[in-house]
Amino acid sequence: MNYKYWITIVFLLILSNVNSQKCKESTDPFTNEKTVEFQFKERLVFFELKDNVVRFEFEFNFSGERDFIFDKGTSIYFKFASGKTLEIKSDRDCQPTIENARRATSAPGGFTFPDKNFTSYFLTFKLTKEELDILSNEVITYIRTPHVNGGHEDKEAKGWVKKKAKAIKQGAECIISHL
């Protein structure tokens, strides 16, 4: 086989993986209800529009096994290139998900942990149209997430966090295009 042929095949496979975030519309086979979903990787960023309600899930993680539960009303903050900020509050309690790095359902963002296990949290939010507009029209420069030891952790939109920030913008754009 031709060398260039194999390079093209590998490039297309990588490209299909890079574009793993999707905006898809479906119909529930039991209720005939229309649903729009956007997900990045293994639901590290997830949006859903169903019954005119927008649900947003955001994943972050910690090394080791944690048993901390984030309460309903836990905040995540976004800072944008324009200088604006946005605070959103979770609409339910968030239980930890203990995962093994070898069998993870949510990739730990390309980070390696010294432990075999890590803990993922999937905070869930109900977003307003105004919040969606901000997320779709602004460029995220920082994301502030809560920390299991109290306080918060500020993550600059570089590397893996930049990819998640871009996915948040694309997810908000996806949902807005179906409202």
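Return the residue satisfying two criteria in turn: it lies in the range 59-89 and is at pLDDT below 95, part of a strand (DSSP E or B) and not hydroxyl-bearing (Ser, Thr, Tyr), and of such residues it is farthest from residue 39 (Cα to Cα).
62
Based on what the data block shows, is residue 113 assigned to a loop (DSSP other than H, G, I, E, B), of a type in the set (Phe, Trp, Tyr) and either at pLDDT below 95 or crowded, with 17+ Cβ neighbours inside 10 Å (or both)?
On the way: assigned to a loop (DSSP other than H, G, I, E, B): yes; of a type in the set (Phe, Trp, Tyr): yes; either at pLDDT below 95 or crowded, with 17+ Cβ neighbours inside 10 Å (or both): yes.
For residue 113, the condition - assigned to a loop (DSSP other than H, G, I, E, B), of a type in the set (Phe, Trp, Tyr) and either at pLDDT below 95 or crowded, with 17+ Cβ neighbours inside 10 Å (or both) - is met.
Find all pairs meeting these conditions: Cβ atoms under 7 angstrom apart; at least six residues apart or on different chains; first residue within the range 13-40 and closer than 20 Å to residue 173 by Cβ; second residue at pLDDT 90 or above and assigned to a loop (DSSP other than H, G, I, E, B).
25/178; 36/178
Which number in (1) at pLDDT below 90; (2) in a loop (DSSP other than H, G, I, E, B) marks the one condition that residue 98 misses?
(2)
Identify all residues within the range 40-57 that are part of a strand (DSSP E or B) and either more than 16 Å from the chain's Cα centre (by Cα) or modelled with pLDDT of 95 or more (or both); write none if there are none. Steps first, please.
If we filter the range 40-57 for residues that are part of a strand (DSSP E or B), which is where we start, we get 40, 45-50, 53-57.
Answer for the range 40-57, where residues must be part of a strand (DSSP E or B) and either more than 16 Å from the chain's Cα centre (by Cα) or modelled with pLDDT of 95 or more (or both): 45, 46, 47, 48, 49, 50, 53, 54, 55, 56, 57.
Do any residues in the range 146-160 that are surrounded by 10 or more Cβ atoms within 10 Å (Cβ to Cβ) have Cβ atoms under 8 Å from those of residues that are among the basic types (Lys, Arg), where the two are at least six apart or on different chains, and which pairs are they?
These pairs meet every condition: 148/66; 152/144; 153/144; 154/144; 155/144.
Can you go through 33, 25 and tell me which one is exposed (fewer than 13 other Cβ atoms within 10 Å of the Cβ), in contact with a His (Cβ under 9 Å, 6 or more places away or on another chain) and of a type outside the set (Gly, Ala, Ser)?
Working: 33 fails: in contact with a His (Cβ under 9 Å, 6 or more places away or on another chain).
Only one candidate passes the filter, namely 25.
From the list 175, 134, 143, 168, exactly one residue is under 21 Å from residue 92 (Cα atoms) and either free of Cβ contacts under 8 Å to residues at least 24 places away in the same chain or assigned to a helix (DSSP H, G or I) (or both). Which is it? I'd like the intermediate steps shown before the answer.
Numbers: 175 fails: under 21 Å from residue 92 (Cα atoms); 134 fails: under 21 Å from residue 92 (Cα atoms); 143 fails: either free of Cβ contacts under 8 Å to residues at least 24 places away in the same chain or assigned to a helix (DSSP H, G or I) (or both).
Just a single option satisfies the conditions, and that option is 168.
Which of the residues that make up the range 24-46 are of a type in the set (Phe, Trp, Tyr) and within 23 Å of residue 156 (Cβ to Cβ)? Break it down into steps so the answer makes sense when it comes.
Step one: of the range 24-46, the residues of a type in the set (Phe, Trp, Tyr) are 30, 38, 40, 46.
The answer is 40, 46.
Mind checking which pairs have a first residue in the range 77-93 that is under 16 Å from residue 165 (Cβ atoms) and a second that is surrounded by 15 or more Cβ atoms within 10 Å (Cβ to Cβ) and of a type in the set (Val, Ile, Thr), Cβ under 7 Å, 6 or more apart or different chains?
Between residues of the range 77-93 that are under 16 Å from residue 165 (Cβ atoms) and residues that are surrounded by 15 or more Cβ atoms within 10 Å (Cβ to Cβ) and of a type in the set (Val, Ile, Thr), the close pairs are 78/140; 78/143; 79/141; 80/140; 80/141; 81/141; 86/134; 88/76.
The values are calculated or read from the model by the stated rules, or taken from the named source; none is laboratory data. Note that this is a predicted model, so its numbers are computed, not measured. FYI the Cβ positions are ideal-geometry reconstructions off the backbone, even for glycines, and counts take in every protein chain you see.
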